[in-house]
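First the structure, in the form of structure tokens, and then the observations on it.
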Amino acid sequence: RKEVEQDPGPFNVPEGATVAFNCTYSNSASQSFFWYRQDCRKEPKLLMSVYSSGNEDGRFTAQLNRASQYISLLIRDSKLSDSATYLCVVTTNNAGNMLTFGGGTRLMVKP
Amino acid sequence: GAGVSQSPRYKVAKRGQDVALRCDPISGHVSLFWYQQALGQGPEFLTYFQNEAQLDKSGLPSDRFFAERPEGSVSTLKIQRTQQEDSAVYLCASTGGGYEQYFGPGTRLTVT
């Protein structure tokens, strides 16, 4: 079983839709949580950090449930430019805070 | 300023050949990481340097993989006697102490 699990998708949604991605992690010692975005044939880039209190950045809302070891990302009013793979990421404060990635969820926003 | 750079961007190697992949981290960044990303998968940790010290190499898949960072800046990942299962994108990331890792564009290795 992978340490970070995500539904691989793809999620095909129309412009303007709201879409939610979920992720679960198995290591209860995980300390920090992130969503990264990766465009096709590009490198991953940090989208946002995830906190238990929930955090919002424009159309994006991330939430962490430590008890359930569950992370979510909500995208409202989807844009064509949101099409990408979204990677759920955790760190456990070892190996210099190395990142442990999920397999990614692919999102395709269509006109 | 300049980001993380990697070279070559693409490498085709015949099975059994040795390859060397280079990473130039952001200037001044102390920590450097190598990840391997197979097609359709998320990146997986290979190894970690703090300055010139390789503090963790637990993710290296075999003893054919070797990484170094002799002067605490540029790093090289070497793969000896390449196999088809080594085909992947090799990503380098650096950080200056905060939590965000900045990734280079990767080297896409194809072993034929």
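The values are calculated or read from the model by the stated rules, or taken from the named source; none is laboratory data. If you're wondering where the values come from, they're calculated on a predicted model, not measured in any experiment. Because the Cβ atoms are built from the backbone with ideal geometry, glycine has one as well, and the counts that use them run over all protein chains shown. The protein model used for the area step is the full one, side chains on, heavy atoms only, and it has no ligands, DNA or RNA in it. Shrake-Rupley method; radii C 1.70, N 1.55, O 1.52, S 1.80 Å.
With loop membership from DSSP and a limit of 15 other Cβ atoms within 10 Å, the longest segment of chain A without trypsin sites (Lys or Arg not before Pro) is A:3-40.
Considering only C-alpha atoms, what is the centroid distance from region A:30-68 to region B:61-83, in Å? Here the two parts' Cα centres lie 31 Å apart. Taking 7 Å steps out from each Cα toward its Cβ at A:D39 and A:N65 produces label points 3.4 nm apart. P(r) for region A:31-89, from all Cα pairs and a bin width of 5 Å, is 4, 18, 29, 24, 15, 7, 2, 0 %, short bins first. Counting only protein heavy atoms and a 1.4 Å probe, the protein assembly as shown has 49 square angstrom of accessible area per residue.
Within region A:1-50, the GluC sites (Glu not before Pro) that combine a DSSP coil assignment with at most 15 other C-beta atoms in a 10 angstrom radius are A:E3, A:E15. Model label sites at A:S52 and B:F66, defined 7 Å from Cα along the beta-carbon direction, differ in position by 4.6 nm.
Sparse packing (at most 16 other Cβ atoms within 10 Å of the Cβ) combined with a DSSP loop state is found for the following trypsin sites (Lys or Arg not before Pro) in region B:23-112: B:K57, B:R64, B:R81.
Taking all protein chains together and rolling a 1.4 Å probe, B:V74 ends up with roughly 40 Å² accessible. Here the protein assembly as shown carries DSSP beta bridges of which approximately 90% are antiparallel, counting only pairs with both residues inside. Over all pairs of different C-alpha atoms, the protein assembly as shown has a mean inverse distance whose reciprocal, the Kirkwood radius, equals 18.1 Å. Among the GluC sites (Glu not before Pro) within region B:4-103, those in coil by DSSP and having at most 10 neighbouring Cβ atoms inside 10 Å are B:E71.
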